[in-house]
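No lab work stands behind these numbers, since they all come straight from the coordinates. Computed from a predicted structure; not experimentally measured. Here Cβ is always computed from backbone atoms with ideal geometry, including for glycine, and neighbour counts include all displayed protein chains.
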Amino acid sequence: MPVSLGEINSVGMPDTKFRFSTILHPFFREVLVIDPRGTRFSAAITVVVLALVILTTPGAVATVLLSLQTLVFAFGAILGPSHQPYGWLFKKLVRPRLKAPAHMEEPLPPQFAQAVGLGFALAASISMLLGWTLGVYIFAGFALFAAALNAVFGFCLGCEIYLRIRRFIPAAAIPAPANDPIIDLSDPTGSRV
């Protein structure tokens with residue numbers, strides 16, 4: 001769900017007068033909006049890593065790359081897309097060189113997508129441990145396909161699944177906004193993904 005940014009200052013962040021209601025992340029207590037270009041950047045790196053996994057399976061290189069990608073998915077699923085290694089790279093190296101995004105998005109759909117990716121990466125890892133090469137190709141291939149859709153077309157398959165599932169969840173089961181629903185986005189520490 002896009003969130004309007006209002007006026008943008010010279011460093012590409014919302015003006016200090018800009019405020020909107022939001023939900024706080026339970027671990028980091030920060031504003032829950034992310035730059036959608038960060039998820040596409042992460043997906044592009046994931047495409048490269050998973051393609052190398054498929055090309056080098058069976059082998060030590062594939063095992064190491066798949067293990068690292070599984071950890072990246074785990075960080076993204078547990079901590080959120082802006083706190084996984086590719087999100088950190090985007091935040092520190094890429095985003096400062098870009099203009100402000102046209103809109104920001106909720107991180108929960110991409111976080112769910114990371115959890116789906118984690119499931120496929122774990123299935124591929126278990127297949128690799130059992131010596132089932134076809135399983136590695138199948139599970140890593142599914143994750144590669146979903147990441148490629150996001151990287152190339154901006155279509156997040158896991159996000160769409162999340163939104164479809166959320167339609168069936170009762171409103172009472174969805175976390176309520178924090179007690180202080182108004183958050184000032186003037187953050188002196190810099191940009192957020």
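Annotations for the structure displayed:
- Exposure proxy order (Cβ contacts within 10 Å, fewest to most) of VAL53, VAL152, VAL116: VAL152, VAL116, VAL53
- Computed extension length for LEU93-ILE161: 21.5 nm, one decimal, from 0.36 nm per residue of separation with the Cα-Cα distance subtracted.
- Ranked for footprinting exposure by Cβ neighbours inside 10 Å, fewest first, HIS103, HIS83 give HIS103, HIS83.
- The C-alpha atoms of the stretch 35-172 occupy a region whose extents along the principal axes are 44, 41, 25 Å, arranged from largest to smallest.
- Sequence-distant residues sharing a close amide H with MET104 (under 5 Å, placed H): VAL3
- Taken about its Cα centre, the stretch 35-172 carries a charge dipole of about 380 debye when Lys and Arg each add +1 at the Cβ and Asp and Glu each add -1 at the Cβ.
- Judged by the gyration tensor of its Cα atoms, with axes a ≥ b ≥ c, the stretch 99-160 is prolate; a/c meets the 1.5 cut and a/b is the larger of a/b and b/c.
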